[in-house]
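To start, the structure under review is shown below, and the notes come after it.
Where a number appears in this text, it was derived from the coordinates with a stated rule and is not lab data. Nothing here was measured: the structure is a model prediction, and the numbers come from that model. Cβ placement follows ideal geometry from the backbone for every residue including glycine, while neighbour counts extend to all protein chains displayed.
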Amino acid sequence: MTGVVAFIVVFGAIVLVHELGHFLVAKAAGVRPFEFGVGFGPALWKRRWGETTYYLRAIPLGGYVKLLGMDPYPEAEDQAGGGEAKADQAMEAAAARTREPVRPEEVDDPRSFARKPLWARLAIIAAGPFMNFAFAAVLFMLLAATVEVPLTIYRVEPGSPAAEAGLAAGDVILSIEGKRVYEPRDVNRIVDPSAGIPLEVRFRRDGQEATVTVVPRIFPGADVARMGVQLGGQPRRTGLGAVWAGISQTWYATVGIITALGKMIVGRAPADISGPIGIFQLVGESARQGIAYVISLAAFLNVNLGLLNLLPVPVLDGGWLAIFLFEGVRRRPLRPEQRGWAQVVGLVLVIALMLLATYKDIARLARM
């Protein structure tokens, strides 16, 4: 039950922050958001405040903000000289979308998303991923300012140098070659250039300190040496140190994910991705370890979601950014049917990725 609650809270917060980015920038740009929802499926809660109806839905795996004029676009009305018939089609589509009576003048409403300049539309779309990165930085700052996490081994790869030396999950790394280490970056600075070089690693296990010799090596698909462990931990920081820690941790997480994704794309690393099942497991494990681990995982998931949404795939934010930029360069919009096909292709790609991730999750469960 703790895992279920943690999953709902973590995923709900990530989705809420993302959609809030779109919502706030749309309001600031003068676009009317007529619906704001967290989750999918049946509505558990609904309330109208001002010009917007807010929803909380049953399945906490996404969210949305519906903006006036985001579909249909003005090109579907009369830019190509279609006249009254196209305007009628646009109003019918708008009525179906808002489920409210649409007056003829609403098609050209100045608060329509489609009537805003390119920079405003780009800002509204980019605001969602940006908020995820900003939220990740805030969470990392919170951790840096309030929690000191010992440099702990979370996992040891079977057959790795660390496993051969006798290190195990739960060990706290104290120093390497006599140099104190406080966070994974400290370890990487020493280990990265040390392929084939014996290193003395001092660690603590069950309150007792000991030393082992580890000989790092370069794993397939990697460019630098590794011991074969997954580490977590950071010292406590205050003031500007905490701010910088939050920003730098977000940056390192972003670079790490992009690097891993690039290696998977070119086949230099296995496609080790997680879907909803895998993420649920990760959140559950973090919840059992403590609130600091949940916050840390939430920060990493925010970075993941921010990057995922920036992929230039139609139906994702990055796809919309690419479409708007393309239209801006060619100085005319895509035809509605071209947009439609782009979204179909994007939807197929996203569904395929989700199916692959779910297959990987189930395969991992079967091996446990």
ask   = At what distance in nm do the modelled label points of VAL138 and ARG204 sit from each other, each positioned 7 Å from its Cα along Cα→Cβ?
value = 3.3 nm
Approximate spin-label separation ALA163-LEU355, in nm, with each point projected 7 Å along Cα-to-Cβ = 3.3 nm
ask   = Where does each of 116-128, 178-190 land if you order them by average Cβ count within 10 Å, highest first?
value = 116-128, 178-190
remark   = Expected sort for 199-210, 301-312, 129-140 on mean C-beta neighbours within 10 Å, highest first, is 129-140, 301-312, 199-210
task = For an R0 of 25 angstrom, estimate the FRET efficiency from the Cβ-Cβ distance between VAL344 and LEU118 and round to the nearest 0.05.
result = 0.55
message = Ratio of alpha-carbon Rg to the 2.2 N^0.38 Å globular estimate for the range 195-347, to two decimals, please.
response = 1.43
note = Per 5 angstrom bin, beginning at 0 and ending with the bin that holds the maximum distance, the Cα pairs of the range 149-235 fall in percents of 3, 16, 29, 31, 16, 5, 1, 0
request  = Quickly work out the LEU325-to-SER248 label distance, labels modelled 7 Å from Cα along the C-beta direction, and quote it in nm with one decimal.
outcome  = 3.0 nm
request  = Starting with the highest mean, order 150-157, 325-332 by the number of other Cβ atoms within 10 Å, averaged over the residues of each peptide.
outcome  = 150-157, 325-332
request  = Compute the relative contact order of the range 149-235 as a whole-number percentage, counting only Cα pairs closer than 8 Å that sit 6 or more residues apart in sequence.
outcome  = 40 percent
key: Scattering profile of the range 185-266 at q = 0.10, 0.18, 0.25 Å⁻¹ [log10 I(q)/I(0), Debye over alpha-carbon scatterers]   = -0.35, -0.99, -1.22
